[in-house]
1. Among the residues of segment 159-185, what is the count of those that are more than 17 Å from residue 51 (Cα to Cα), part of a helix (DSSP H, G or I) and without any contact (Cβ under 8 Å) to a residue 40 or more places away in the chain?
2. Taking only segment 105-124 into account, find how many residues are part of a loop (DSSP other than H, G, I, E, B) and free of Cβ contacts under 8 Å to residues at least 24 places away in the same chain.
3. Among the residues of segment 139-152, write down those that are part of a helix (DSSP H, G or I) and surrounded by 13 or more Cβ atoms within 10 Å (Cβ to Cβ).
4. With the requirement that a residue be modelled with pLDDT of 95 or more, assigned to a loop (DSSP other than H, G, I, E, B) and over 21 Å from residue 161 (Cβ atoms), what does segment 28-55 give you?
5. Only residues in segment 133-148 that are more than 20 Å from residue 96 (Cβ to Cβ) count as the first member; pair them with residues that are of a type in the set (Asp, Glu), Cβ under 8 angstrom, at least 6 apart or cross-chain, and list the lot.
6. In segment 73-115, how many are buried (at least 17 other Cβ atoms within 10 Å of the Cβ), over 15 Å from residue 2 (Cα atoms) and either aliphatic (A, V, I, L, M) or in contact with a strand residue (DSSP E or B) (Cβ under 8 Å, 6 or more places away or on another chain) (or both)?
7. Do we find that residue 86 is under 24 Å from residue 43 (Cα atoms), in contact (Cβ under 8 Å) with a residue 40 or more places away in the chain and not acidic (Asp, Glu) in this structure?
Amino acid sequence: MKTIQRNIPPDCLTKQSNNQPWSDFARTSCHTETRNILIQEQCGLCCYCESLVNSGDGHIEHLEPRKKNQKRTYDYTNLAISCNGGNGQHCGHFKDAPHNHDFAWDPKKFSYPHNSETASFFRYLPDGSINPTSINQEKSLFLIGYLGLNCPSLQERRRSHASRLIDALTEQPDVETRNFLCEYYLKPDTDNYLQSFYSLSKAILEP
């Protein structure tokens, strides 16, 4: 989970009433503006799994669920962009879904992607799995389960990504190749977008 550096929230967001239904807000230009700012803030990546969020995918995510705290509906510090997780198999559409039987919102265990410590909770392996580090295993295990970060489809996508990187390093094990891969996978492009699975790439390219 890459650490997200906060931008300045749009002025229009501070003018929204907490009594306004989110579905009404979703049809406004302020929703579009907020979404675009969050996308830039996150370099185009999902706040949880680091998948690239394309224009037709993803949604504005309430990190603390709206049902738990209505007062934070339009609180910019509680907003981020999440992918849609395929068919709700992971990330924002999975975490508070009825079929997520084993995990429920717990403010004591949830750690925000904007918290610099959060990124240190996870270890990314070449087989596509994410393991907890020793820093805070309770929070690590909760986030992995609550967000579905080791669901089969997501794990397979990470495994394929790791395999491609490792093959590239093995086929041409020279400094020039490594520098090219670091430039491509670890630095934003001209639109300030990163490639998917930044943390996995970093674990392989800069162990």
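1. Residues of segment 159-185 more than 17 Å from residue 51 (Cα to Cα): 166-183.
Now drop any that are not part of a helix (DSSP H, G or I), which leaves 166-171, 175-183.
If we keep only those that are without any contact (Cβ under 8 Å) to a residue 40 or more places away in the chain too, we end up with 167-171, 175-183.
The qualifying residues number 14.
2. Of the residues in segment 105-124, the ones part of a loop (DSSP other than H, G, I, E, B) are 105-117.
Narrowing the set further to residues that are free of Cβ contacts under 8 Å to residues at least 24 places away in the same chain leaves 108, 117.
So the answer is 2.
3. Hits for segment 139-152 are 139, 140, 141, 142, 143, 144, 145, 146.
4. Passing the criteria: only 28.
5. 135/117; 136/117
6. The number of residues fulfilling the criteria is 6.
7. Details: under 24 Å from residue 43 (Cα atoms): yes; in contact (Cβ under 8 Å) with a residue 40 or more places away in the chain: yes; not acidic (Asp, Glu): yes.
When the stated conditions are applied, residue 86 passes them.
The values are calculated or read from the model by the stated rules, or taken from the named source; none is laboratory data. These numbers come from a predicted model, not from an experiment. Cβ coordinates were reconstructed from backbone atoms using ideal geometry, including for glycine residues, and neighbour counts include every protein chain displayed.
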